Amino acid sequence: MGMNVGSSDDDLMVEMNTTPLIDVMLVLLIMLIITIPIQTHAVKLDMPVSSPAKPLEKPVVVQIDIAADNGILWNEIGRDT
């Protein structure tokens, strides 16, 4: 009757221990299940609808043109540079 104290190369365990990986996956899955309903809740508010105010007067339109002789026309009034 003898006891095998030493180990040989044939007795080495080559497989990876997947139990911690499964534990982490289950924790992440539970966290995902818990947090998804929180994001879907919404507060419904009845906000007043308003139309934009109409301007009282027309805005001033400024037309600037540059002539072929480098002259500047401001609202069709010419100025030389």
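Just so it is clear, none of the values below were taken in a lab; they were calculated from the coordinates. Every value quoted in this text rests on a predicted model; they were computed, and no experiment measured them. Don't worry about glycine lacking a Cβ; one is built from the backbone with ideal geometry, like all the others, and counts go over all protein chains shown.
Below is a table of values for the structure above.
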{"read-out": "Inter-label distance for residue 14 and residue 64, nm, one decimal - labels placed 7 Å from Cα along Cα-to-Cβ", "value": "8.0"}
{"read-out": "Overall dimensions of the stretch 17-64 as given by Cα atoms, namely Rg and Dmax in Å", "value": "28.0, 79"}
